[in-house]
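Q: Attaching a single structure in structure tokens format; questions to follow.
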Amino acid sequence: MKWFRLAVLLPLFCAAAGATAITYTEQTTALGYLGGTQLEGAQVTVVLTGDTSTFTNSVGVFWNQGTATLGIAEISGTATFTDTMMEAFDVPTYHEAGIGDLDVPSNSRGKRP
């Protein structure tokens, strides 16, 4: 009878697993030009919104695809990348992490399987 009570009560204390949105943010200071606008010490922010259900790990390379936006402090508004292959990545072996484009190969990350 004890096992029966445990079997009935245990599911009441278990949380349901589910996917949820996750946001990755990368910031840097820019120097150069964007179109005709000079950027000198401009705060640049790239934000990628992904989903925890699409998080992937392959041979020590972690990544998550999503939609990325770009904001520059000196320019009002944000831009959304139309490329569907944007990713947040982490490569602990090479001490690399950031937001990038899967279509643009990186020497250290190589091609994805």
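Read-outs: derived from the displayed coordinates by stated rules, not from any lab. What you see is a predicted model; the values in this text were computed from it and never measured.
Q: Mind checking Rg over Rh on the range 19-101, alpha carbons, Kirkwood formula for Rh?
A: Numbers: Rg = 14.2 Å, Rh = 13.8 Å.
Rg/Rh for the range 19-101 comes to 1.03.
Q: List every residue whose amide H lies under 5 Å from the amide H of L34, counting only residues 5 or more places away in sequence or on a different chain, with H placed 1.01 Å from N in the peptide plane.
A: Answer set, sorted by chain and number: L39.
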